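The values are calculated or read from the model by the stated rules, or taken from the named source; none is laboratory data. No experiment lies behind these values; they were computed from the predicted model shown. Here the Cβ positions follow ideal geometry from the backbone for every residue, glycine too, while neighbour counts run over all protein chains shown.
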Amino acid sequence: MNENQTILIADDDDEIREVIRILLENEGYLVREAVNGKEAVAKMDETVSLIILDVMMPIATGIDACLAIRKKHVTPILFLTAKSTDTDKVTGFSSGGDDYLIKPFSYSELLSRVKALIRRSQIYNSAGDGSRPNYYTQGGVGTPPAPRNIYIHDILIDTETKQVFKNDDEIILTEIEYQMLFLLAANRKKIFSVKDIYEKVWQETYLTSSNNTVNVHIRNLRKKLEDGEQPNRIIVNIWGRGYRID
């Protein structure tokens, strides 16, 4: 059961909110509702385990809400929308979304996405209990865990607290962004294909459509880590093969 996990739903369609609320409550989740993006931001706090945002809402859109929420929280965000073009998906991911589900959707698919996002978030937030994925793979079997601090140019990654700093200023990363950075940083000079990154970070089976998801998150991560005058200085694109950190 999921009694301790609260999910915030923001959608201006009363029927859709009711259906999702009933579906999630039957799974044991606590549900908090909002009718627009502004209300979603107001109802967001540290007790929320997942946010489901419609994109097209009055007063403030789901994109607006996501941008505002990301200033304070790294809670997983699932966009639930009828807008299905690649451009729409890029916009959603660029604003800080973690996943994107197109209407109409099946209830089983929604529950699958919800559980996967919450599971990844729990793994990400569990420090020192052995449940976090071990991405330190260069040395093969018997390789020791990644060191407490990883340094890349002017970037410091504290792998225990999962905080990232640039010149002593903290960089706020989403769960997905941190996991991608840790994967590459803990395995310096190792090239990871888009498929490798998706399956290790998202822990789901790779599909061709996953390419765009990974590339957008890489682009967002670069914007946060790198100076505009020196693009691709930290995360290097190896043409036709994938990404690495030297």
Filter the range 197-212 down to the residues that are closer than 15 Å to Asp98 by Cβ and surrounded by fewer than 17 Cβ atoms within 10 Å (Cβ to Cβ) and list them by number. Gln203, Glu204, Asn212
How many of the residues in the range 182-196 are free of Cβ contacts under 8 Å to residues at least 60 places away in the same chain and crowded, with 23+ Cβ neighbours inside 10 Å? 2
Those residues that are over 13 Å from Leu221 (Cα atoms) and out of contact with any strand residue (DSSP E or B) (no Cβ under 9 Å at 6 or more places or on another chain), I need them from the range 168-201; list them, please. Asp169, Tyr198, Glu199, Val201
How many of the residues making up the range 45-70 are in a helix (DSSP H, G or I) and closer than 21 Å to Ile118 by Cα? 7
Checking Ile118 against (1) modelled with pLDDT under 85; (2) surrounded by 17 or more Cβ atoms within 10 Å (Cβ to Cβ), only one condition comes out false. Which one? (1)
Taking the stated definitions as given, is Lys162 surrounded by 14 or more Cβ atoms within 10 Å (Cβ to Cβ), at pLDDT 85 or above and among the charged types (D, E, K, R)? no
Provide a single number: the residues in the range 49-60 that are surrounded by fewer than 19 Cβ atoms within 10 Å (Cβ to Cβ) and of a type in the set (Val, Ile, Thr). 1
Inspect the range 19-42 for any residue being in contact with a Leu (Cβ under 8 Å, 6 or more places away or on another chain), buried (at least 18 other Cβ atoms within 10 Å of the Cβ) and among the aromatic types (Phe, Trp, Tyr) and give the result as yes or no. no
Determine if the range 211-224 includes at least one residue that is in contact (Cβ under 8 Å) with a residue 24 or more places away in the chain and in contact with a strand residue (DSSP E or B) (Cβ under 6 Å, 6 or more places away or on another chain). yes
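Within the range 1-50, restricting attention to residues that are of a type outside the set (A, V, I, L, M) and in contact with a helix residue (DSSP H, G or I) (Cβ under 7 Å, 6 or more places away or on another chain), which residue is farthest from Ser95 (Cα to Cα)? Steps first, answer last, please.
The initial filter retains those residues of the range 1-50 that are of a type outside the set (A, V, I, L, M), namely 2-6, 11-15, 17-18, 21, 25-29, 32-33, 36-39, 43, 45-47, 49.
The next check asks that each one be in contact with a helix residue (DSSP H, G or I) (Cβ under 7 Å, 6 or more places away or on another chain); those that pass are 5, 11, 27, 32-33, 37, 49.
Values: Gln5: 24, Asp11: 18, Glu27: 29, Arg32: 22, Glu33: 21, Gly37: 14, Ser49: 19 Å.
Checked the range 1-50; the qualifying residue farthest from Ser95 (Cα to Cα) is Glu27.
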Regarding Val90, is this residue within 12 Å of Ile51 (Cα to Cα) and either among the charged types (D, E, K, R) or in contact (Cβ under 8 Å) with a residue 12 or more places away in the chain (or both)? no
Given the conditions (1) farther than 30 Å from Glu170 by Cβ; (2) in contact with a strand residue (DSSP E or B) (Cβ under 6 Å, 6 or more places away or on another chain); (3) not hydroxyl-bearing (Ser, Thr, Tyr), every one holds for Cys66 apart from (1)
With respect to Tyr178, determine if the residue is under 17 Å from Val74 (Cα atoms), part of a helix (DSSP H, G or I) and at pLDDT 85 or above. yes
